[in-house]
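Quick notes on the structure that follows.
The values are calculated or read from the model by the stated rules, or taken from the named source; none is laboratory data. Quantities reported herein were computed from a predicted structural model and do not represent experimental measurements. A quick note on method: Cβ atoms are made from the backbone with ideal geometry, for glycine too, and the neighbour counts reach across all protein chains shown.
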Amino acid sequence: MFCKVINHDQQNLDSYLTLKREIQLARKIQRKLLNGEKPILINSQVSGFSIPASMIGGDYFDFYPLSDGKVRIIIGDVMGKGIPAAMLMILTRGAFRSAAEVTEGPGETLTSMNKAIFKDLRTLSSFVTVFCADWDPNTGSLVYANAGHYMPVLVRGNTETFELPDLKGVMLGGLPDQVYQEKEIRLLEGDTLFFYTDGIVEAQNCHGEMFQIERLHETLMQNAHKTASELETIVIDTLTNFTEGLPQKDDITMVILKVGTGKDQQR
Amino acid sequence: MSLVMKEEINGSILNVQVIGLMDYSTVDNFMVEIPDNITKIVIDFSGLDFIDSTGIGSILSIIHAAADRGIVVTFEGLNKETDELFELVGVYIIKEALLQGGQ
């Protein structure tokens with residue numbers, strides 16, 4: 001009887017350790033996929049960072065260099081948290097990479113992604129919000145499309161912050177056969193474009209207060225002169241100070257595009 | 001913070017009241033069984049404190065389940081933040097599209 005109890009406890013411990021190891025491996029895989037190669041850009045910088053709320057998360061960002069010197073940028077948020085969301089994040093990444101290769105613009109990319117993963121997302125009662133943009137460093141043109149995601153914040157000079165002109169679109173997995181529209185904006189020398197997921201503005205401190213979009217705008221404006229990676233660190237530090245290190249419920253993800261550094265940049 | 005659900009049937013209308021926090025940690029408590037003979041579901045959000053993407057996923061599941069049976073879903077008591085969030089992710093467009101039976 002005693003031996004049986006010990007064996008049972010040992011089995012539980014073994015199962016726990018195996019599970020822990022597998023989750024750590026999954027975390028490693030996700031971090032590697034998220035923090036892959038950053039594109040080389042002419043006269044601009046791009047950077048991205050993600051902090052999962054638990055061991056692994058459902059937020060996603062990616063850069064896909066296009067043949068004409070442009071780069072396709074995507075940021076997304078899978079419904080839910082943890083392992084289930086992480087599995088769907090990988091599905092989303094696969095759909096983006098496949099679509100980016102063969103589609104003309106961000107609108108067509110989202111249309112193709114929705115076509116590819118709609119049935120799976122509906123079967124799982126899930127969805128993904130994504131924002132996708134083509135950045136052309138040669139002309140300063142940013143063409144974008146949106147599937148239910150927050151519009152990025154544009155910081156112009158050190159004095160002005162505003163969201164990109166609104167563009168509505170249904171989340172991926174919401175409706176079949178959606179056609180996503182595009183808008184275009186011209187970015188100027190010195191502009192900083194900040195893409196983000198809701199984990200940033202909904203980060204909470206111990207008083208239950210949220211960080212909110214106003215604090216984000218203020219932080220971006222005060223630090224608009226910094227490089228993309230410096231700004232990334234500043235936003236994370238500001239969030240950490242605000243939350244006083246309180247564990248967060250949601251993943252925190254950002255992508256920063258900085259225009260006009262005066263020389264070619266590689267990160 | 002927790003999530004409380006109150007359901008009431010008035011004739012062929014199912015009223016669902018959502019009170020508290022509707023997120024990843026509480027959404028398992030959100031289970032709506034749609035009885036036979038229901039023609040309309042009214043979801044009252046006036047007691048809702050916060051909803052995240054998981055909560056929106058549960059609302060979408062009701063919309064889809066109702067649409068499969070030809071049942072109309074309406075929302076009441078939405079605050080500005082939740083209204084804007086539903087607008088942003090496309091909940092209203094999905095609701096209308098399914099109501100029209102076009103998708």
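All but one of (1) closer than 18 Å to A:Pro152 by Cβ; (2) at pLDDT below 95; (3) within 14 Å of chain B (Cβ to nearest Cβ) hold for A:Ser229, so report the exception by its number.
For A:Ser229, the exception is condition (3).
Is there any pair with a first residue in segment B:78-103 that is in contact (Cβ under 8 Å) with a residue 40 or more places away in the chain and within 11 Å of chain A (Cβ to nearest Cβ) and a second that is buried (at least 20 other Cβ atoms within 10 Å of the Cβ) and assigned to a helix (DSSP H, G or I) whose Cβ atoms are under 7 Å apart and which are 6 or more apart or on different chains, and what are they?
From residues that are in contact (Cβ under 8 Å) with a residue 40 or more places away in the chain and within 11 Å of chain A (Cβ to nearest Cβ), there are no pairs.
I'm trying to understand the selection: among the residues of segment B:16-74, which are more than 18 Å from B:Glu96 (Cα to Cα), among the charged types (D, E, K, R) and within 14 Å of another protein chain (Cβ to nearest Cβ)?
Result: B:Asp23, B:Asp28, B:Asp49, B:Asp52.
Take the residues in segment B:24-51 that are assigned to a loop (DSSP other than H, G, I, E, B) and under 11 Å from the mean Cα position of the chain (by Cα); name whichever of them is farthest from B:Ile9 (Cα to Cα).
Only one residue tops the list, namely B:Phe30.
Out of all the residues in segment A:8-29, is one or more aromatic (Phe, Trp, Tyr), over 22 Å from A:Leu188 (Cα atoms) and assigned by TED's automatic domain parsing to the domain that holds A:Asp136? Give the derivation first.
The first filter runs over segment A:8-29 and keeps only residues aromatic (Phe, Trp, Tyr), leaving A:16.
Retained after the next criterion (residues that are over 22 Å from A:Leu188 (Cα atoms)): A:16.
Cutting the leftovers down to assigned by TED's automatic domain parsing to the domain that holds A:Asp136 gives us none.
Checking segment A:8-29: not a single residue is aromatic (Phe, Trp, Tyr), over 22 Å from A:Leu188 (Cα atoms) and assigned by TED's automatic domain parsing to the domain that holds A:Asp136.
Regarding A:Tyr60, is this residue away from chain B (no Cβ under 14 Å), under 16 Å from the mean Cα position of the chain (by Cα), aromatic (Phe, Trp, Tyr) and assigned to a strand (DSSP E or B)?
No; evaluated as a whole, the condition is false for this residue.
Let me confirm something: among A:Arg21, A:Arg31, which residue is surrounded by fewer than 15 Cβ atoms within 10 Å (Cβ to Cβ), within 19 Å of the chain's Cα centre (by Cα) and outside any strand (DSSP E or B)?
Numbers: A:Arg21 fails: within 19 Å of the chain's Cα centre (by Cα).
Step by step, each of A:Arg21, A:Arg31 is checked, and only A:Arg31 is surrounded by fewer than 15 Cβ atoms within 10 Å (Cβ to Cβ), within 19 Å of the chain's Cα centre (by Cα) and outside any strand (DSSP E or B).
Which of the numbered conditions does A:Thr161 fail, given that it passes all the others? Conditions: (1) within 17 Å of A:Met254 (Cβ to Cβ); (2) under 19 Å from the mean Cα position of the chain (by Cα); (3) more than 14 Å from chain B (Cβ to nearest Cβ).
Condition not satisfied by A:Thr161: (2).
Of the numbered conditions (1) surrounded by fewer than 16 Cβ atoms within 10 Å (Cβ to Cβ); (2) of a type outside the set (A, V, I, L, M, F, W, C); (3) in contact with a Phe, Trp or Tyr (Cβ under 6 Å, 6 or more places away or on another chain), B:Ser46 fails exactly one; give the number of that condition.
For B:Ser46, the failing item is (3).
Name the residue that is nearest to A:Thr227 (Cα to Cα), counting only residues in segment A:122-158 that are facing chain B (nearest Cβ under 10 Å) and not in a strand (DSSP E or B).
It comes out as A:Met151.
Among residues belonging to segment A:175-199 that are of a type in the set (A, V, I, L, M) and within 14 Å of chain B (Cβ to nearest Cβ), point out the one that is surrounded by the most Cβ atoms within 10 Å (Cβ to Cβ). Before the answer, list the steps.
Within segment A:175-199, the first condition is being of a type in the set (A, V, I, L, M), and the residues that meet it are A:175, A:179, A:185, A:187-188, A:193.
The next check asks that each one be within 14 Å of chain B (Cβ to nearest Cβ); those that pass are A:175, A:179.
Values: A:Leu175: 18, A:Val179: 11.
For segment A:175-199, the residue satisfying everything is A:Leu175.
Residues of segment A:98-128 being basic (Lys, Arg) and at pLDDT below 95, which ones?
A:Arg122
For segment A:34-48, check the following and say yes or no: at least one residue is small (Gly, Ala, Ser), touching a helix residue (DSSP H, G or I) at 6+ places or on another chain (Cβ under 8 Å), modelled with pLDDT of 90 or more and in a strand (DSSP E or B).
Checking segment A:34-48: at least one residue is small (Gly, Ala, Ser), touching a helix residue (DSSP H, G or I) at 6+ places or on another chain (Cβ under 8 Å), modelled with pLDDT of 90 or more and in a strand (DSSP E or B).
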